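Trainee: Structure in structure tokens, see below.
The values are calculated or read from the model by the stated rules, or taken from the named source; none is laboratory data. Please read all numbers here as calculations on a predicted model, not as lab measurements. Backbone-built Cβ (ideal geometry, glycine too); neighbour counts: all protein chains shown.
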Amino acid sequence: MKKLFGSWKGSLLALTLGFSFVLNANDVVEADEKSDLDVSRSTFSLTEERTVEVKADFGEDIELEDVEFEFGEKDLSEWKKWSEDEEDFDGEPFINVIEEPKFVDDTTEVQATIEFGLPFDTNDLSNRKIRTEYQQLIDDYELTMINAENGEEATATVELNVYDEFLFYDERKPAIDEIITKSNETNDRYVEYQSLGETTEGRELNFVILAKDKNAVDKYLNETLPTALEDPESLIDKIEDGNMGDYQVPIWFNNMHADEVEGPDAQIALLEKFAVENEVTFDMDEAVMDEEMENDAPFDKEKDITLDVDEVLDDVIFLYAFENNPDGRVVNTRGNANGFDPNRDMAFQTQVEPALIAEEMAKWTPMSYIDMHGYVDGFLIEPTTPPHNPNYEYDLLWNEMVEQAHSMGQAGMGNSNLDSYFMPIFDMESGWDDMNPGYGPSLAMLHGAFSHTVEVPELGQDSYNAMYGVGLGSTYYVTENKDKLYKNQLQIFERGVNGEDDRSVDEYLIDVDREEIGRLRGDNDNFFPDYYVIPEGEDQKSDLEARKMVNYLLRNGVTVEKTTKDTDVNGTMYSEGTYIVPMKQAKRGFVNAVLQDGEDVSDWDDMYDPIIVAFPVLRGFDAQEIREPEAFTHTTEVDESVEIPTGEIDENSQKQVLKNSTNDTIQIVNYLLQEGKIVEKVIETKDEINKGDLVVNTKDLLQYEGDYSFETEPLESSQELKVEQLKLPKVSVNGSSQLEYSVKDLGFNVVDDQADANVIVSDGKEFNPETLSEKSFVGIGSNTLDAVEESNLLPEFDFDITKDNHEGIFKAKVNDHILTSGYQEDELFYTTFGAWITSVPEEGEVLANFSDDDDFYVAGWWPGHEKAQGEVLAFTQKLENTDTDITLFANDLAFRAHTQYSYRLLANSIFDSSTEEIPDEDVEDMIEVFEDLKEAGEFEDDQSARSLKVHLSAVNRYEKKELDEKVVKHLEGFKVLLDHQQKENLISDKAYNILKEGSDNLIEKWE
Ligand SMILES: [Zn+2]
């Protein structure tokens, strides 16, 4: 249901005006008999009880017992409360007449009072069951008084909303436009709307910049910020000397989770206030000070605050990102259209929305960043519990973040009925940490912002009011402390630019016993390397992923350089044009957070979510740390995105061997199979060609040259390879939407109905051996291992687990097997399942183990990981007397679309269960394949099939008589017939390709 924009701020005035007019004009109302209903209010709430006085005049003394009421053309008694047990609206009515109709004084005007109660019996709709239900009630409705005797009606259009300011996504842009118009009519402030780009489903990401004037924006982006990043010291000096003059710092308001609804609406109110008003007043409640809180609130405790908006805009530039997840806002879900949580993807950036938001965040480098969430137990404002990501300059953020949190909490309370707030850092032991830069606020901290997740406790009017207060309180704190805060942000950049590893950070980095561990420097003096090098060519595992990383870094505001001459560093030669990331730069914390492996924080008993980012490991490319100051003296800055390397084809050969080395290769193979082209898989390693590599026709591959990244070599016609022909796999995905996203991303043909599939891929909890007939099964992670074990299909199989969210990077030993094609013996893999396989059935073939090294566990949060040391990671097994392969992985191959390096393990398993033979033995062979194709309906009609069959039968006779020349001649004739039939569309591409390929094989044999 959509409601009309026009009523987003309901106007009582408009509804009461027409009453007397309608009476006078009674005669001309012909279209319908409705007159206006006079209502004392026109907005009703799902989270606040409200009563309304209604009046109508039917022009005569009507029978009061004949008066009836309708809401939305239904009798009031039909508006029933939600019943928790029935999960339906079948409780008591929530709209009731509480004062029966009566005449006003001695007139014919009839008056009554109606109460709109709480349809969910609560003013908090955050309960997950209710959260998906309430939006269907939001709409504009007709409230109608009826004289049942003659059917005469008086009506008013009223609005029922969850809270008065709630907007559906489609109402956001019109609301913004209206504010911009109002602002332009009342003052000279600069309000600019931008779309940051389109979401997965093509909606705009709304973004508004509000500043005192355009000059303020230009000055910040073109002068202040570049200087802050290049030469922060000069600005620090100016602040200290009081010479900064007129300058503004950016405040960013944000909302990630679309079903945590107050944030974007509170931002509309904040935008309107600061764009239109001269003054903004609000209350601040004195905080209920926790005894443990070491910091007293450092600001005035006066209750009434008045902000002079022009003075505020002398200090700040407001950036409103509203909702980061418009697709989710439309259907009221946390995740985006692909089922991804945007507040985990801000570092991975596999999804378009977080990627666009992160890019804009890097461009602005906000000083204050507030992410508006909802519905934990209580009114929560960060800072977080430890452990903290060591790449923050925590000492320069912490005090001020605590102070700002108090300011937001007090203003939140002052503007609502909430009577307390809390900060994880003081009120929780662990489990609400900022280790993962995939959270918006964590990413913003790496840009030097004072950042907070704010969680209002309830879904409803009161929490909306609190969230609006949060925006005011955060702004107030920034304007009162601008110089101090900006100096800290500049000092963060200064440490970066100077390559300083300041020990002041160390006291914030503690272990579970609250002992200081500081930054883990090992044998180095400096936690941060001098450079990261992203080599190319021989020293690079994946040129594709390396280049993608360069572009990612550029997009995120990182300085990347390129060597202008060959450079020797400690005996390693880096050729001219090598990409390097100098770590003496303002954003070096961000660089380290995404390129380093991360830390082992397994001593903590609770973490909020996985922490590993480690692009080189999880995307599969090489990036080397260089610890040698001034190692690269001849460099030039990379100032625009770099080209992604694409495959090059030597056309002097009919066939190509595609190396099984990139995810693009997997896509190409899938596309070729969908086009009915022949793709063969090499099944025996020979010379430079590995089993698992793929053989395709040169002419088929050409269309992908220039757009896709792949490695290919011409196949010499003399080279004999053992191959199998790939069949287009029909894949059913069971479990997470992220896994389905990855499988689709690889180009696989995903079918909706499991019955149509020949391969089932699952990370879910469901497993039914009876559905496996002639299908293969690829199972990933503990849920699936558990389901397979429970099914007792493989009695000898067993696994063990610490906990199903334990995660980390570990060393693996990979066995030589067609399913591990394209991987080395020693690899780093990733898990989020805390599981390992303890017993493999006798017929099972082990694909990989956790390494037996004592230091096999590299980084992450996996208490008890030592139990997995040396254990089995994955195995495959063919079920007796069936066509079914079962392949089980204890770890994650497709975690949130980030573990792209392990995608090919998944692809190998899928391809392996879907091959078909190309005839290469004799004509009998060929006839069998022909019959299969005919059965599968690959020929247009019987006639065309028959003529081919006649031809093949003749060849068969010559073959039996060993008449070599005749065999070859008639096979050539068969090919001519195939060409003809293809031209006339009498035969499918698939049948054509298989029979043509088969003929070539046999001709080669008989020549
Ligand atoms: Zn949230």
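Trainee: Name the residues in region 258-276 that are over 16 Å from G412 (Cβ atoms), more than 16 Å from the ligand (Cβ to nearest atom) and touching a Leu at 6+ places or on another chain (Cβ under 9 Å), would you?
Mentor: I268, L271, F274, A275
Trainee: One residue is enough: does region 714-721 have a residue meeting the conditions among the acidic types (D, E) and crowded, with 16+ Cβ neighbours inside 10 Å?
Mentor: Taking region 714-721 first, the residues among the acidic types (D, E) are 716, 720.
With crowded, with 16+ Cβ neighbours inside 10 Å added as a condition, the list becomes none.
No, region 714-721 contains no residue that is among the acidic types (D, E) and crowded, with 16+ Cβ neighbours inside 10 Å.
Trainee: Let me ask another. Which numbered condition in (1) over 30 Å from E843 (Cα atoms); (2) free of Cβ contacts under 8 Å to residues at least 60 places away in the same chain is the only one that N881 fails?
Mentor: (1)
Trainee: If you go through region 53-81 one residue at a time, how many are in contact with a Lys or Arg (Cβ under 9 Å, 6 or more places away or on another chain) and not charged (D, E, K, R)?
Mentor: Of the residues in region 53-81, 1 are in contact with a Lys or Arg (Cβ under 9 Å, 6 or more places away or on another chain) and not charged (D, E, K, R).
Trainee: When only residues in region 686-704 that are assigned to a loop (DSSP other than H, G, I, E, B) and touching a residue at least 40 places away in the same chain (Cβ under 8 Å) count, which is surrounded by the most Cβ atoms within 10 Å (Cβ to Cβ)?
Mentor: Filtering first and then ranking leaves D693.
Trainee: While we're on this one: Could you go through region 504-516 and let me know if any residue there is of a type in the set (S, T, N, Q) and either in a strand (DSSP E or B) or more than 14 Å from L397 (Cβ to Cβ) (or both).
Mentor: no
Trainee: Now, a different point. Of these, D605, D639, D707, which one is surrounded by fewer than 16 Cβ atoms within 10 Å (Cβ to Cβ), without any contact (Cβ under 8 Å) to a residue 60 or more places away in the chain and out of contact with any helix residue (DSSP H, G or I) (no Cβ under 8 Å at 6 or more places or on another chain)?
Mentor: Numbers: D605 fails: without any contact (Cβ under 8 Å) to a residue 60 or more places away in the chain; D707 fails: without any contact (Cβ under 8 Å) to a residue 60 or more places away in the chain.
Answer to the check: D639.
Trainee: Kindly list, by first and then second residue, each pair from a residue in region 559-575 that is farther than 30 Å from A362 by Cα to a residue that is of a type in the set (F, W, Y), limited to pairs with Cβ atoms under 9 Å and residues at least 6 apart or on different chains.
Mentor: D566/Y574; T567/Y574; T567/F632; D568/Y574; V569/Y531; V569/F632
Trainee: Step by step: first the residues of region 642-681, then only those that are among the small types (G, A, S) and more than 21 Å from M549 (Cβ to Cβ), then the one that is surrounded by the fewest Cβ atoms within 10 Å (Cβ to Cβ). Which residue is that?
Mentor: Looking at the filtered set, the residue picked out is G676.
Trainee: If you don't mind, there's one more thing I want to ask. Would you mention how many residues in region 970-1006 are in contact with a helix residue (DSSP H, G or I) (Cβ under 6 Å, 6 or more places away or on another chain) and outside any helix (DSSP H, G or I)?
Mentor: Number satisfying all stated conditions: 2.
Trainee: Going by the structure shown, is I317 within 16 Å of the ligand (Cβ to nearest atom), more than 22 Å from T132 (Cα to Cα) and either part of a helix (DSSP H, G or I) or modelled with pLDDT of 95 or more (or both)?
Mentor: Taking the combined requirement at face value, the residue does not satisfy it.
Trainee: Right, here's the next one. Taking the condition of being part of a helix (DSSP H, G or I), more than 14 Å from the ligand (Cβ to nearest atom) and buried (at least 24 other Cβ atoms within 10 Å of the Cβ), how many residues in region 451-464 meet it?
Mentor: We begin by selecting, within region 451-464, every residue part of a helix (DSSP H, G or I); these are 461-464.
In the following step, the residues that additionally are more than 14 Å from the ligand (Cβ to nearest atom) were identified as 461-462, 464.
So of that shortlist, the ones also buried (at least 24 other Cβ atoms within 10 Å of the Cβ) come out as 464.
The number of residues fulfilling the criteria is 1.
Trainee: Shifting gears a bit: Condition check: modelled with pLDDT of 90 or more, of a type outside the set (V, I, T) and more than 23 Å from Y830 (Cα to Cα). Does D745 satisfy that? Before the answer, list the steps.
Mentor: Numbers: modelled with pLDDT of 90 or more: yes; of a type outside the set (V, I, T): yes; more than 23 Å from Y830 (Cα to Cα): no.
No.
Trainee: Counting only residues that are within 16 Å of the ligand (Cβ to nearest atom) and either without any contact (Cβ under 8 Å) to a residue 12 or more places away in the chain or in a helix (DSSP H, G or I) (or both), how many does region 213-257 have?
Mentor: So the answer is 0.
Trainee: Okay, next question. Tell me which residues, restricted to region 820-852, are within 18 Å of H806 (Cβ to Cβ) and either of a type in the set (V, I, T) or assigned to a loop (DSSP other than H, G, I, E, B) (or both).
Mentor: Of everything in region 820-852, those that are within 18 Å of H806 (Cβ to Cβ) and either of a type in the set (V, I, T) or assigned to a loop (DSSP other than H, G, I, E, B) (or both) turn out to be T831, T832, F833, G834, I837, T838, S851.
Trainee: Still on this structure, I have one more. Do we find that E625 is touching a residue at least 24 places away in the same chain (Cβ under 8 Å), closer than 24 Å to E576 by Cβ and in a loop (DSSP other than H, G, I, E, B) in this structure? If you could, list the steps in order and put the result at the bottom.
Mentor: Working: touching a residue at least 24 places away in the same chain (Cβ under 8 Å): yes; closer than 24 Å to E576 by Cβ: yes; in a loop (DSSP other than H, G, I, E, B): no.
Criteria not met by E625.
Trainee: Please go through region 466-485 and pick out each residue that is away from the ligand (no atom under 16 Å from the Cβ) and either surrounded by fewer than 23 Cβ atoms within 10 Å (Cβ to Cβ) or of a type in the set (A, V, I, L, M, F, W, C) (or both).
Mentor: L472, V478, T479, E480, N481, K482, D483, K484, L485
Trainee: Check region 437-446 and report whether any residue there is out of contact with any Cys (no Cβ under 9 Å at 6 or more places or on another chain), within 16 Å of the ligand (Cβ to nearest atom), over 30 Å from G808 (Cβ atoms) and in a helix (DSSP H, G or I).
Mentor: Checked region 437-446: no residue is out of contact with any Cys (no Cβ under 9 Å at 6 or more places or on another chain), within 16 Å of the ligand (Cβ to nearest atom), over 30 Å from G808 (Cβ atoms) and in a helix (DSSP H, G or I).
Trainee: Do the conditions hold for I268, that is, is it surrounded by fewer than 18 Cβ atoms within 10 Å (Cβ to Cβ), touching a residue at least 60 places away in the same chain (Cβ under 8 Å), hydrophobic (A, V, I, L, M, F, W, C) and not in a loop (DSSP other than H, G, I, E, B)?
Mentor: Taking the combined requirement at face value, the residue does not satisfy it.
Trainee: Here is a further query. Can you tell me which residue is farthest from the ligand (Cβ to nearest atom) among those in region 364-385 that are assigned to a loop (DSSP other than H, G, I, E, B) and polar (S, T, N, Q)? Step through it out loud before you land on a result.
Mentor: Initially, region 364-385 is screened for residues assigned to a loop (DSSP other than H, G, I, E, B), giving 365-367, 375-379, 382-384.
Going one step further and asking which of them are polar (S, T, N, Q), we end up with 365, 384.
Working: T365: 24, T384: 14 Å.
Result: T365.
Trainee: Can you report the number of residues in region 549-568 which are closer than 18 Å to V591 by Cβ and not in a loop (DSSP other than H, G, I, E, B)?
Mentor: Step one: filter region 549-568 for residues closer than 18 Å to V591 by Cβ, giving 549-563.
From what's left, not in a loop (DSSP other than H, G, I, E, B): 549-555, 561-563.
Summing the residues that are closer than 18 Å to V591 by Cβ and not in a loop (DSSP other than H, G, I, E, B) in region 549-568 gives 10.
Trainee: Does region 941-951 contain any residue that is in a helix (DSSP H, G or I), out of contact with any Asp or Glu (no Cβ under 9 Å at 6 or more places or on another chain), without any contact (Cβ under 8 Å) to a residue 40 or more places away in the chain and closer than 14 Å to L1002 by Cβ?
Mentor: Checked region 941-951: at least one residue is in a helix (DSSP H, G or I), out of contact with any Asp or Glu (no Cβ under 9 Å at 6 or more places or on another chain), without any contact (Cβ under 8 Å) to a residue 40 or more places away in the chain and closer than 14 Å to L1002 by Cβ.
Trainee: Scan region 421-429 and give yes if some residue there is assigned to a strand (DSSP E or B), within 16 Å of the ligand (Cβ to nearest atom) and of a type in the set (F, W, Y), otherwise no.
Mentor: The answer is no, given that none of the residues of region 421-429 is assigned to a strand (DSSP E or B), within 16 Å of the ligand (Cβ to nearest atom) and of a type in the set (F, W, Y).
Conditions tested, residue by residue: (1) over 25 Å from the mean Cα position of the chain (by Cα); (2) in contact (Cβ under 8 Å) with a residue 24 or more places away in the chain; (3) on the phi > 0 side of the Ramachandran plot.
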| position | (1), (2), (3) |
| --- | --- |
| A755 | yes, no, no |
| E770 | yes, no, no |
| K803 | no, yes, no |
| G808 | no, yes, yes |
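Trainee: (1) more than 16 Å from the ligand (Cβ to nearest atom); (2) farther than 27 Å from E599 by Cα; (3) among the aromatic types (F, W, Y): which one isn't true of Y392, the others all being true?
Mentor: So Y392 meets the others, but not (2).
Trainee: Could you please tell me which pairs satisfy a Cβ distance under 8 Å, a separation of 6+ or placement on different chains, a first residue in region 363-380 that is closer than 23 Å to F318 by Cβ and modelled with pLDDT under 95, and a second residue that is among the polar types (S, T, N, Q) and within 14 Å of the ligand (Cβ to nearest atom)?
Mentor: none
Trainee: Take region 749-801 and flag every residue that is touching a Pro at 6+ places or on another chain (Cβ under 7 Å) and surrounded by 13 or more Cβ atoms within 10 Å (Cβ to Cβ).
Mentor: Result: N749, N758, V759, S791, L793, L794, F797.
Trainee: Here are D804, D855, D816, D800: which of them is at pLDDT 95 or above, closer than 30 Å to P387 by Cα, part of a loop (DSSP other than H, G, I, E, B) and of a type in the set (D, E, K, R)? Let's see the steps before the verdict.
Mentor: Details: D804 fails: at pLDDT 95 or above; D816 fails: closer than 30 Å to P387 by Cα; D800 fails: part of a loop (DSSP other than H, G, I, E, B).
The match here is D855.
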